[in-house]
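Beneath this line is the structure, given in structure tokens, with notes to follow.
The values are calculated or read from the model by the stated rules, or taken from the named source; none is laboratory data. Quick caveat, the model's predicted, so the values are computed rather than measured. Neighbour counts are summed over all protein chains in view; Cβ atoms, including those assigned to glycine, are modelled from backbone coordinates with ideal geometry. The protein model used for the area step is the full one, side chains on, heavy atoms only, and it has no ligands, DNA or RNA in it. Shrake-Rupley method; radii C 1.70, N 1.55, O 1.52, S 1.80 Å.
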Number of protein chains: 2
Amino acid sequence: MTARLYVSAQEVAERAGVSRSAVSRTFTPGASVSPETRRRVMEAADALGYQVNHLARGLMRNESGIVCLIVSEVATPYRSALLSILTQKLQNAGKVAMLVNTDRSDGSVDRALKQAIRYRADASIIMSGLPDKSITQLCLKNGQRLVLINRDDDQPGPLRINLDDHEAASRVVTAFVRAGCRRLAFANSQAGTPSLMAREHGFVHAARRLGLDVVVERYGWTGYEAGQVLAQRLLTHQDRPDAVFCATDLLACGFMDTARRQFSLSIPDQLCVAGFDDIEQAAWTSYDLTTFAQPVEAIATEAVRWLEDRSLHEERRIQLHADLVWRGSIRGG
Amino acid sequence: MTARLYVSAQEVAERAGVSRSAVSRTFTPGASVSPETRRRVMEAADALGYQVNHLARGLMRNESGIVCLIVSEVATPYRSALLSILTQKLQNAGKVAMLVNTDRSDGSVDRALKQAIRYRADASIIMSGLPDKSITQLCLKNGQRLVLINRDDDQPGPLRINLDDHEAASRVVTAFVRAGCRRLAFANSQAGTPSLMAREHGFVHAARRLGLDVVVERYGWTGYEAGQVLAQRLLTHQDRPDAVFCATDLLACGFMDTARRQFSLSIPDQLCVAGFDDIEQAAWTSYDLTTFAQPVEAIATEAVRWLEDRSLHEERRIQLHADLVWRGSIRGG
DNA sequence: AACGCTTTTGCAAGCGTGTGCAAATGCTGC
DNA sequence: GCAGCATTTGCACACGCTTGCAAAAGCGTT
């Protein structure tokens, strides 16, 4: 019993006693079909289990309905949260998400974009890494739309969504100082992405403006373990910090755990901590971390809105605001 | 400057001075092309930025290369970990993942499968929820392959991958008893999925076999907050448990936090805890949770292997083993 | 040079759909 | 009944690709 072919519009047409065009029009919103034929077509379609072939439709319309999401480290809390809401909203907009994982190997963002082109994706949303300019050109030339999320750079053409990292970082300084902290530190990873660096620079500059120095430490990849190592390093510093801004909540979690367990520090009494992203774990009582919320909802909304609106295919930048979520890891408040 | 059409094989052929077929064959592994024409085609293709149109190819070959992943609660640690590795392996196998998020609304698994059919996905992998039998039939009739992960049920046709939940649960009983615990409890959500229930039943049965009773509590959705509530309920129980098996690591995290913070219990001295999934947070020092590891690697490997091997399109069940990861939340060891 | 064989090439049909165009149909008002 | 109009329908072509088939080309042998 080798599987039969899918049922085609032709078969539906025959069963309904109409032409194939009528079937096509029935499934094309806004096409001209009389109520009566539509009914008969629907009936036949249901009976046969007909589903429009989107490959063929995409071929004709030159619009596949596919949006390619390019991500690495999908299993990370912030990434998966953004991914979740993006797919949600894309589906609501009648699109479907194609997920390309760019872990390992470096040219993989480029490979991912080529994959997107092969499937004639209507757009690609890049959440990690950066494509080569030549590939960007290729995409734009082919009318493929491009969205860059939190990957600020100078590529032309696409929609770029970014946060006010710099300004957010300066708010942390204020909070730390108001809490009576004077020995500030910044814990960063070595990833060196623009948003991470913007937080670092924003923090350092704002502190300097108040005449305060900042100890900056960078280590490894942006995860829990790196946070632990950073705590080891920063807390054994001769002049131990009394406040640390971690570039990421994951770093902050590792940092806090090591600060408490290994250095027996009480938070926020002896050490104030702030993070960024507002991942789910930041709200867990073990951490109760004061942090900045990634506006994932707004990011997704803006991205999808831009994709839907065909008039806006010009270059565009959107800067969103990261709200400070005040919890218990900074004194006062 | 409205975006030009994508470059087609025709244009490549003209530029290379060969027929369209030659171009097609150049990009079809194993087709008969002379080295010389292949070279010329490749040259022209590179110059023009040609990418094979997979929509058209899928239409002809009746094989799209798309595999549909049907998931809800993508942002959950275990789900996102599985998703990550699955996409990884699918890509290595030359497939591409289409992600359908089935949060909200109940018929959405069915809708997701219809979507998969419309895009003529070669297969669908269901990680959450359960499709209606009629839809399953529709898929199989159309030659679409189906993989169910941890969703044991009686649907015919697909590949079903499950864990030895029952046996794992009984190992926890042994560990608890060996640690000197006698007042056992099981913390579950109300989701009632087969795997969760298998863990519950396995635990209760194994305990009963040793003459021990188990207090079972169920609440809410399988997340951190539910764990907190479950702790509230179980730890105020007249005869307070000295060991609790949480159906899920997320539940366990919430449970532990509330046990420590609200009831000032020390783990594992006054309370032993075990979880299931081995999410990343289970290894964090705040939790240091003894738990069972979801064999995500093996799950993905088996699923992809089955998809690749066209000979195995008969029904199949695979039962995988969940390793016990011993950490500090149970005494002894 | 003629032969047989293998490899390469081009032709053309077909995959399942959307849509412009012209023919057909239905409806309204004389 | 018929002109005038709006609506519906079917035909046929196009989308970009794969592939069976037969013709063409290459090549070694006699």
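Give me the residues in segment A:126-154 whose solvent-accessible area, probe 1.4 Å, is reduced by at least 10 Å² once all protein chains are included instead of the chain isolated.
Relative to the lone chain, where solvent access is computed with a 1.4 Å probe, segment A:126-154 loses at least 10 Å² at A:138, A:141, A:142, A:143.
Give the carbon-plus-sulfur fraction of the accessible surface of chain A in %, rounded to a whole number; probe 1.4 Å, heavy atoms of protein chains only.
Solvent-exposed carbon and sulfur of chain A make up 47 percent of the total.
On the principal axes of its Cα set, how long, how wide and how thick is segment B:1-148? Give whole Å, largest value first.
Reported extents, whole Å, longest axis first: 55, 34, 33.
Give the long-range amide H neighbours of residue A:292: residues separated by 5 or more places, or on another chain, with amide H under 5 Å away, using H modelled in the peptide plane at 1.01 Å from N.
Here the answer is A:275, A:276, A:277, A:278, A:325, since their amide H atoms fall under 5 Å of that of residue A:292.
What is the interface area between chains A and B, defined as buried accessible area summed over both chains with a 1.4 Å probe, reported in Å² to the nearest 100?
6100 Å²
Using a Förster distance of 56 angstrom, determine the FRET efficiency expected from the C-beta separation of residue A:264 and residue A:62, and round it to 0.05.
In this case the efficiency is close to 0.30.
With a point put 7 Å past each Cα toward its Cβ, work out how far residue B:174 is from residue B:208 in nm, to one decimal.
Result: 2.1 nm between the two label points.
If packing is taken as the average count of other Cβ atoms within 10 Å, what order do A:72-83, A:271-282, B:107-118, A:32-43 fall into, highest mean first?
In descending order of packing, they fall as A:271-282, A:72-83, B:107-118, A:32-43.
Dipole size in debye (nearest 20) for segment A:9-52 around its Cα centre, Lys and Arg Cβ +1, Asp and Glu Cβ -1?
So the magnitude is around 120 debye.
At 0.36 nm per residue, minus the direct Cα-Cα distance, what do residue A:164 and residue A:43 gain on full extension? Give it in nm, one decimal, please.
Full extension of this stretch gives 38.2 nm more.
What 222 nm value per residue comes from the helices of chain B, counting each DSSP H run with n ≥ 4 as -39,500 (n - 2.57) and dividing by all residues, nearest 500 deg cm²/dmol?
Result for chain B, helices only: -13000 deg cm²/dmol.
Does chain A come out rounded, prolate or oblate by the C-alpha gyration tensor, with a ≥ b ≥ c the root eigenvalues, rounded set by a/c under 1.5 and, if not, prolate when a/b is larger than b/c and oblate if not?
In terms of gyration-tensor shape, prolate.
Whole-Hz ³J(HN,Hα) for each residue in segment A:232-246, computed from phi via Karplus 6.51 cos²θ - 1.76 cosθ + 1.60 with θ = phi - 60°, x for glycine and proline: what do you get?
3, 6, 6, 7, 9, 4, 3, 9, 4, x, 10, 7, 9, 9, 8
Can you list the copy-to-copy distances for residue B:269, using a point 7 angstrom from Cα toward Cβ, in nanometres, shortest first?
1.8
Once each part is reduced to its C-alpha centroid, what is the distance from segment B:1-75 to segment B:280-331 in angstrom?
A separation of 38 Å, based on Cα centres.
Give me the net charge for the shell around residue A:222: Cβ to Cβ below 13 angstrom, other residues only, Lys and Arg +1, Asp and Glu -1.
-2
Tally Lys/Arg at +1 and Asp/Glu at -1 over every other residue whose Cβ is under 15 Å from the Cβ of residue B:39; what's the total?
So the surrounding residues net to +1.
Can you bin segment B:165-293 into rounded, prolate or oblate? Criterion: square roots of the alpha carbon gyration tensor eigenvalues sorted a ≥ b ≥ c, rounded for a/c under 1.5, prolate for a/b above b/c, oblate for the rest.
It is rounded, given that a/c, with a ≥ b ≥ c, falls under 1.5.
Choose one answer from B:202, B:30, B:211: the residue with the largest mean-square fluctuation in a GNM of chain B with alpha-carbon springs under 10 Å.
Answer for the Gaussian network model of chain B: B:30.
How many Å² of accessible area per residue for chain A, probe 1.4 Å?
41 Å²
Could you tell me the accessible area of residue B:267 in Å² (1.4 Å probe, neighbours in place), rounded to the nearest ten?
Solvent-accessible area, nearest 10 Å²: 30 Å².
Across peptide A:54-60, how many C-beta atoms of other chains are within 10 Å of each residue C-beta, on average?
Per residue, the average neighbour count from other chains is 6.
Quick one: net charge of residue A:183's neighbours, Cβ under 13 Å, K/R +1, D/E -1?
For residues surrounding residue A:183, the net value is -1.
By its C-alpha gyration tensor, with a ≥ b ≥ c as the square roots of the eigenvalues, how is the protein assembly as shown shaped: rounded for a/c under 1.5, else prolate for a/b larger than b/c, else oblate?
oblate
So what are the radius of gyration and Dmax for the Cα set of segment A:9-52, in Å?
8.9, 24
Along the positive direction of the dipole of the protein assembly as shown (beta-carbon charges: Lys, Arg +1; Asp, Glu -1; about the Cα centre), which of B:185, B:307, B:161 reaches farthest?
Most positive-ward Cα: B:307.
Which order do A:96, A:296 take when ranked by solvent-accessible area (1.4 Å probe, heavy atoms of all protein chains), largest first?
Result of the area sort, largest leading: A:296, A:96.
Using a 1.4 angstrom probe on protein heavy atoms only, which residues from segment B:69-87 are buried by at least 20 Å² of accessible area when all chains are present rather than their own chain alone?
Hits at the 20 Å² cut-off: B:74, B:75, B:80, B:83, B:84, B:87.
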